[in-house]
C-alpha cells in the first residue's frame, strides 16, 4: 500500500534545454506544501542530452526508457515506481505555471479523486485549423461524455494512484493518456474538480504527431465509450448508419432488393457488433484490469 504523499511525474522527450528550469520551478512550488513528496523524471528514449541533464539535477528520481514509448507509457512507468498515493503530472515544456499547485492539493485533500489544472487559454499558440479541430473535439466530448468536462487533456493534474491500476488497459500509452483518463474517471463517476491555471505557448519544438495521435484519440474514445457508455456509442453509430446507409438506400435504390439486402445485412452486422460491445461492460470488470 502506498504512503500518503505526492509523487510528481515529469515525462520528457528531447527536453535538454527546458528540463532544468521546469524542475527548478516545480521544486520551488513543492517546497511550500506540507506533505511528503517526490519528483520522478521519466526520460522517454530521448536522443539528445536530456538524460544527462536530468542526472545533473539533485533531489529527483530518474527512470529512463531505451526507446521512445510515448507520453502515456512514460507516465505509467513513473507511476509504477512512485511511492505515494497521490500522483501529479506536468510537462517540462514551460506551458503550465505551477503556482496554482497548492490549490490543486487543497482540492485533493477535500476528497476529490482527480483535480485538473484547466487551461485558461488552451488555444494559445494554436493555428486556425488546430484551434477549430480542438473546439470540435471538446464539443464532441461534452456532447458524448459529459457537459462538465472543462479541459479533457490538460497535462497538469493530480489524481489518485489507484485510478491508473483500475483503468490501466483503457489508458493510452501515447499523447491521449490524459484524455482517456478523463473519460474513464467520468465513466466510473469519480469526483473531478477543474481549477483554472495560466497556460502559455510551448517553448521549443512540439513532439506531438497529429496524424498518428488523432488515430489514438479516436481509438481510445471509442474503447472507453464501449466500456462505460455502450448505449451512447450504440445510439451514435446507429444514427450514423441510418443516415449513411438506410436513407440513401431508400432514396436512390427504388426498392431494388438486390442492392437493398446487402445494405440491410451490413446494418444488421453492425448492430450485432455494437450489441456485443454494449455487453462488454458487464462481462469484464474493469477493476480486474491491473498490471
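Figures for the structure shown
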| quantity | calculated |
| --- | --- |
| Every residue from region 8-37 that is assigned to a loop (DSSP other than H, G, I, E, B) and touching a residue at least 40 places away in the same chain (Cβ under 8 Å) | 13, 14, 15, 17, 18, 32, 33, 35, 36 |
| Test: residue in region 143-152 that is assigned to a helix (DSSP H, G or I) and at pLDDT below 90 | yes |
| Subset of region 54-67 [closer than 22 Å to residue 24 by Cβ and either in contact (Cβ under 8 Å) with a residue 40 or more places away in the chain or touching a strand residue (DSSP E or B) at 6+ places or on another chain (Cβ under 9 Å) (or both)] | 54, 55, 57, 59, 60, 61, 62, 63, 64 |
| Boolean, residue 121 is under 23 Å from residue 6 (Cα atoms), assigned by TED's automatic domain parsing to the domain that holds residue 74 and either more than 17 Å from the chain's Cα centre (by Cα) or in a loop (DSSP other than H, G, I, E, B) (or both) | no |
| Scan of region 126-139 for residues that are surrounded by fewer than 17 Cβ atoms within 10 Å (Cβ to Cβ), in a helix (DSSP H, G or I) and in contact with a helix residue (DSSP H, G or I) (Cβ under 9 Å, 6 or more places away or on another chain), ordered by number | 130, 133 |
| Residue within region 52-65 that is over 18 Å from residue 23 (Cβ atoms), surrounded by fewer than 16 Cβ atoms within 10 Å (Cβ to Cβ) and in the same structural domain as residue 186 (by TED's automatic domain parsing) present | no |
| Residue 99 within 30 Å of residue 54 (Cα to Cα), touching a helix residue (DSSP H, G or I) at 6+ places or on another chain (Cβ under 7 Å) and at pLDDT below 85 | no |
| For residue 151: the one exception among (1) touching a residue at least 60 places away in the same chain (Cβ under 8 Å); (2) surrounded by 14 or more Cβ atoms within 10 Å (Cβ to Cβ); (3) in contact with a strand residue (DSSP E or B) (Cβ under 7 Å, 6 or more places away or on another chain) | (1) |
| Residues of region 29-41 classified as out of contact with any strand residue (DSSP E or B) (no Cβ under 8 Å at 6 or more places or on another chain) and exposed (fewer than 15 other Cβ atoms within 10 Å of the Cβ), total | 3 |
| Odd one out for residue 163, checked against (1) within 30 Å of residue 28 (Cα to Cα); (2) in a loop (DSSP other than H, G, I, E, B) | (2) |
| Of residues in region 1-28 being in contact with a helix residue (DSSP H, G or I) (Cβ under 7 Å, 6 or more places away or on another chain) and surrounded by fewer than 20 Cβ atoms within 10 Å (Cβ to Cβ), the one farthest from residue 162 (Cα to Cα) | 16 |
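Yes/no per residue for (1) in contact (Cβ under 8 Å) with a residue 60 or more places away in the chain; (2) surrounded by 15 or more Cβ atoms within 10 Å (Cβ to Cβ); (3) in a helix (DSSP H, G or I); (4) at negative phi:
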position	(1), (2), (3), (4)
43	no, yes, no, yes
69	yes, yes, no, yes
87	yes, yes, no, yes
117	yes, yes, no, yes
141	yes, yes, yes, yes
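The values are calculated or read from the model by the stated rules, or taken from the named source; none is laboratory data. Here the structure is a predicted model, which is why all the values come from computation and not from measurement. Reconstructed Cβ throughout: ideal geometry from the backbone, glycine too, with neighbour counts over all protein chains shown.
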